[in-house]
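Take a look at the structure set out below.
The values are calculated or read from the model by the stated rules, or taken from the named source; none is laboratory data. Every value quoted in this text rests on a predicted model; they were computed, and no experiment measured them. In this analysis, Cβ positions are derived from the backbone assuming ideal geometry, glycine residues included, and neighbour counts consider all displayed protein chains.
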Protein chains: 2
Amino acid sequence: MAAQLELQPDLHGSLKSSLGERLCVSKAVRDHHAKDMSYHPAAPPQGVAFVRSTEEAAATVRLCAEYGTPVIAFGTGTSLEGHVQALHGGLCINLGQMNEVIEVNAEDLNCRVQAGVTRKQLNDYLRDTGLFFPIDPGADASLGGMSATRASGTNAVRYGTMRENVLGLTVVLADGRVIQTGGRAKKSAAGYDLTRLFVGSEGTLGVITEVQLKLYGIPEVMSSGVCAFDALEGAVNAVILIIQSGIPVARIELLDDVQMDAVNRYCGFDYVVKPTLFFEFHGSESGVAEQAQMVRDITDEFGGSDFKWATRQEERNKLWQARHDAYYSAKALRTDCGVMSTDVCVPISRLTECILETRKDIDESDLVGPIVGHVGDGNFHVGLIVDPDDADEMQRVYAMNERLVMRALAMGGTCTGEHGVGTGKKAYLRAEHGDSLDIMRDIKRALDPHNLMNPGKVLDMTSTGKPLTGAP
Amino acid sequence: MAAQLELQPDLHGSLKSSLGERLCVSKAVRDHHAKDMSYHPAAPPQGVAFVRSTEEAAATVRLCAEYGTPVIAFGTGTSLEGHVQALHGGLCINLGQMNEVIEVNAEDLNCRVQAGVTRKQLNDYLRDTGLFFPIDPGADASLGGMSATRASGTNAVRYGTMRENVLGLTVVLADGRVIQTGGRAKKSAAGYDLTRLFVGSEGTLGVITEVQLKLYGIPEVMSSGVCAFDALEGAVNAVILIIQSGIPVARIELLDDVQMDAVNRYCGFDYVVKPTLFFEFHGSESGVAEQAQMVRDITDEFGGSDFKWATRQEERNKLWQARHDAYYSAKALRTDCGVMSTDVCVPISRLTECILETRKDIDESDLVGPIVGHVGDGNFHVGLIVDPDDADEMQRVYAMNERLVMRALAMGGTCTGEHGVGTGKKAYLRAEHGDSLDIMRDIKRALDPHNLMNPGKVLDMTSTGKPLTGAP
């Protein structure tokens, strides 16, 4: 189905009468929902529905199903592989107004939130409970969006990803039915794991409207360390040994020399321009001290130097600013350029090799691209600073990205550790999954037979937009 | 389809010519594969195929598909809810001869095994690597079976269940196609989480032939403790506070007074006959000491007494023997009786209430049933010691089980924390999952349209045994 400019008049009328001013079809609002933070081209929806409840989301999806209109769920628009572009037109359902923390079960270390609650909002809400939600993908993303994309980030090495931290979901299916998956129990063996099926399905199987999340006690002590290495190899090998030693670090981030240079320029820091590891330790006072000493012994062994250390919160924040500002400092390396952000994840035994080959590849491709990684998980990012209007450069960017993916797959890794598939990684799923891809398509067809849920993302299906009923 | 006594002659011939002596149709072998360790009635398959490779399993499943013959995967037969009974006849595929550890990636803390490798076999194999696989459901189950049933057990409170510890699978689908899911990378956001879909699907979506598993470094120090309480309530409340405090205990097991009495009689121990907690701590020397002290402080607060402590392996084994022999010591409470084992899992805040009400219910039902629990997860078991020929008693057993499940569901829990659905918990899935159950059926239909994979387990489908081709 070719994307249309306007919603069908009858659908528009029905949505307007149920949502009133919360159905928007102005160009400004549609353009604001036309893309995520990625380099992928914008594609505006025909309208945007700002829903306020699961029931409203369900009624909206049901109407779209009747008219064969695609539905794209939208949280904060901070995804990185073209997840929200309305490639086939349709209605964008913005869940930002579903921003209520429904309940916090402090005794059970879990909570239930509406999908539009962001991770920072949740942590602010939790402040007085002594609990926190650790998953931190960088952006202040919505927890529905983080579930839909199976987000992870800096804390995943200790706390896992959204895969491990979502206990249950409320989902609006393609025909408007509402289901609950999972629940409040810590584990269950009662039937198929639908929760994990929807986590990471990127809105292609349904619209997530509520999320049940694990919570953790705020550690008694948190401390941070920074350590530079003469060679990338030493830094990555230190990480490998730290992980293999079972030291329960909360964060291990790598910034390569290109990134450290960018951070110094952008933030006015005077870090040595070398591959640098950032650590965070969570635990009791003695536990943290023990972890830190063990890490220090390992980094010393691999040529680590310029060790900095911080325990008080302001000092820790200052230390981590270099990591947090990685994206904007990289972007500032070239004026009027965008960031083409890509990520892969490999078994940690291959991480050194994969990062070194990738660094060489970026440099030989005459591209500017810092490497930043959640290296404790074998996951790293390349942020290529590109001029999107330079066709030759973009060609080199696409070629480099493809080589990166194929390198990771050849090492037993995955084409994306945390950004997701969207449109950007679709082409590589056959290489990664083989015939499993057909099973994913079978499941998509079973749950969304008319391919109306975020069509064109994750999987290419044959048809889009066939009405469920005789509606025009 | 009614169960038939014999395989169709053509199918028998084809299987015989490919498997030779490894196709068995003798009554003795069929009876040996007719049931698991549960109280559910036996139902022998028409034959048993002892396959030796994924290719052989695939060829066997393909043949069965052609003839519309059900396929039941069989590991060690140690499941507890009627998972392997051939309710509709068919061919049992025994994976016990697929018992090769394919590779150990020590640097990446993972390994790949054939489905028939048992957990003890794997840990024996790993002995010299400094690594171990922690999931311990009690029985020396096969890792394929543990994956298929989403097993967990005593270590799950620290290391998670099979859900968290399976990285990838090789699966033979209903039509004989072979797929690989997941892989060696620690995390991935590349498409639908098929691994988690097959984990816990109990052979109803495909036959698992290989498993990629996470491994862990053997802790520097392991120590164990035992502590008795005057009241069940004190014991469970102590557990709740230990979990909420974030103390990373490796095991917390509860044995109630009925179980402790049984253990004393069976093993000749002289434990006080009171609700008792068994602990295990893993970590560095100082970490373990710190954990143990924190736990001791909490158990003191809740009236714990008779604290015993062990660090050396033989002493630890002796301490844990009471827990390990729980099943057989319970069984020995009545002669010529069987054990009807059931389990539920609730949010930990409701655990005290749920266990106390259940204890009262068992006693008022005039049944003998110790309670043993992986209480750190909110999961507990009732082992009812029953005379299966006593219809009145069995009626009380079924009624008690149903009340137990409904009690757990009313508290936000699940009808099974770890035993799985099999046939025993099928009736409760609608109450637990509501309309989600229809989605599970949609997925089952998409992957196994003719309901040939372990039919009658987890989900009731409308038809069974329609041939895929025109074969008789």
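Give the residues of the stretch A:406-425 that are touching a Lys or Arg at 6+ places or on another chain (Cβ under 8 Å), surrounded by fewer than 22 Cβ atoms within 10 Å (Cβ to Cβ) and not hydroxyl-bearing (S, T, Y), sorted by residue number.
The answer is A:M411, A:G412.
Within the stretch A:371-417, can you find the residues that are over 13 Å from A:S341 (Cβ atoms) and either β-branched (V, I, T) or outside the structural domain of A:R359 (by TED's automatic domain parsing) (or both)?
A:V375, A:V405, A:T414
How many residues, within the stretch B:263-278, are over 23 Å from the mean Cα position of the chain (by Cα) and touching a residue at least 24 places away in the same chain (Cβ under 8 Å)?
Going through the stretch B:263-278 one residue at a time, the tally reaches 9.
Residues in the stretch B:187-209 that are polar (S, T, N, Q) and more than 7 Å from every other protein chain (Cβ to nearest Cβ): how many?
3
Count, please, the residues in the stretch B:373-391 that happen to be among the hydrophobic types (A, V, I, L, M, F, W, C) and buried (at least 24 other Cβ atoms within 10 Å of the Cβ).
Here the count works out to 4.
Regarding the stretch A:97-109, can at least one residue be identified that is surrounded by 24 or more Cβ atoms within 10 Å (Cβ to Cβ), at pLDDT 95 or above and within 19 Å of the chain's Cα centre (by Cα)?
No; the residues of the stretch A:97-109 include none that is surrounded by 24 or more Cβ atoms within 10 Å (Cβ to Cβ), at pLDDT 95 or above and within 19 Å of the chain's Cα centre (by Cα).
Within the stretch B:115-132, count every residue that is within 14 Å of chain A (Cβ to nearest Cβ) and within 19 Å of B:G182 (Cα to Cα).
0
Hand me the list of strands (runs of 3 or more DSSP E) wholly inside the stretch A:203-307 holding 3 or more residues that are farther than 22 Å from A:N155 by Cβ and not assigned by TED's automatic domain parsing to the domain that holds A:R359.
Fully inside the stretch A:203-307 and qualifying: A:207-214.
Looking at the stretch A:333-355, which of the residues that are within 14 Å of another protein chain (Cβ to nearest Cβ) and assigned to a loop (DSSP other than H, G, I, E, B) is nearest to the chain's Cα centre (by Cα)?
My answer is A:V346.
If you take the residues in the stretch B:86-96 that are surrounded by fewer than 24 Cβ atoms within 10 Å (Cβ to Cβ) and outside any strand (DSSP E or B), which one is farthest from the other protein chains (Cβ to nearest Cβ)?
Among residues in the stretch B:86-96 that are surrounded by fewer than 24 Cβ atoms within 10 Å (Cβ to Cβ) and outside any strand (DSSP E or B), the one farthest from the other protein chains (Cβ to nearest Cβ) is B:G96.
For the stretch A:157-183, which residues satisfy the criterion of being assigned to a loop (DSSP other than H, G, I, E, B), at the interface with chain B (Cβ under 7 Å from one of its Cβ atoms) and at pLDDT 95 or above?
Those that are assigned to a loop (DSSP other than H, G, I, E, B), at the interface with chain B (Cβ under 7 Å from one of its Cβ atoms) and at pLDDT 95 or above: A:T161, A:R177.
Go through the stretch A:343-382 and report how many residues are touching a strand residue (DSSP E or B) at 6+ places or on another chain (Cβ under 8 Å) and over 20 Å from B:R184 (Cα atoms).
Qualifying residue count for the region: 9.
Can you say whether A:I102 is of a type in the set (A, V, I, L, M), more than 14 Å from chain B (Cβ to nearest Cβ) and part of a strand (DSSP E or B), as far as the supplied structure shows?
When the stated conditions are applied, A:I102 does not pass them.
Taking B:Y216 as meeting all but one of (1) surrounded by 24 or more Cβ atoms within 10 Å (Cβ to Cβ); (2) facing chain A (nearest Cβ under 9 Å); (3) among the aromatic types (F, W, Y), write down the number of the exception.
Result: B:Y216 passes all but (1).
Given the condition in contact with a helix residue (DSSP H, G or I) (Cβ under 9 Å, 6 or more places away or on another chain), part of a helix (DSSP H, G or I) and within 10 Å of chain A (Cβ to nearest Cβ), answer yes or no: does some residue in the stretch B:362-372 qualify?
There is no residue in the stretch B:362-372 that is in contact with a helix residue (DSSP H, G or I) (Cβ under 9 Å, 6 or more places away or on another chain), part of a helix (DSSP H, G or I) and within 10 Å of chain A (Cβ to nearest Cβ).
Kindly provide the set of residues from the stretch A:279-323 that are under 27 Å from the mean Cα position of the chain (by Cα) and surrounded by 18 or more Cβ atoms within 10 Å (Cβ to Cβ), ordered by number.
A:F279, A:E280, A:F281, A:H282, A:G283, A:L319, A:W320, A:A322, A:R323
What's the total number of residues in the stretch B:419-444 that are without any contact (Cβ under 8 Å) to a residue 40 or more places away in the chain and more than 7 Å from chain A (Cβ to nearest Cβ)?
Adding up the residues that qualify gives 8.
Go through B:R150, B:R112 for me and flag whichever is surrounded by fewer than 24 Cβ atoms within 10 Å (Cβ to Cβ), within 12 Å of chain A (Cβ to nearest Cβ) and not in a helix (DSSP H, G or I).
Going through B:R150, B:R112 in turn, just one is surrounded by fewer than 24 Cβ atoms within 10 Å (Cβ to Cβ), within 12 Å of chain A (Cβ to nearest Cβ) and not in a helix (DSSP H, G or I): B:R112.
Restricting the search to the stretch A:234-249, which residues are farther than 13 Å from A:V295 by Cβ and more than 27 Å from the chain's Cα centre (by Cα)?
Answer for the stretch A:234-249, where residues must be farther than 13 Å from A:V295 by Cβ and more than 27 Å from the chain's Cα centre (by Cα): just A:G234.
Among the residues of the stretch B:66-80, is there at least one that is assigned to a helix (DSSP H, G or I) and touching a residue at least 40 places away in the same chain (Cβ under 8 Å)?
For the stretch B:66-80, residues assigned to a helix (DSSP H, G or I) and touching a residue at least 40 places away in the same chain (Cβ under 8 Å): present.
Only one of these conditions is not met by A:M340: (1) touching a Pro at 6+ places or on another chain (Cβ under 8 Å); (2) in contact (Cβ under 8 Å) with a residue 24 or more places away in the chain. Which number is it?
Of everything listed in (1) touching a Pro at 6+ places or on another chain (Cβ under 8 Å); (2) in contact (Cβ under 8 Å) with a residue 24 or more places away in the chain, A:M340 misses just condition (1).
Against the condition under 26 Å from the mean Cα position of the chain (by Cα) and either among the acidic types (D, E) or under 18 Å from B:D175 (Cβ atoms) (or both), how does B:I72 come out, does it pass?
Answer is yes for this residue.
Check the stretch B:322-329 and report whether any residue there is within 14 Å of chain A (Cβ to nearest Cβ) and closer than 21 Å to B:M400 by Cβ.
no
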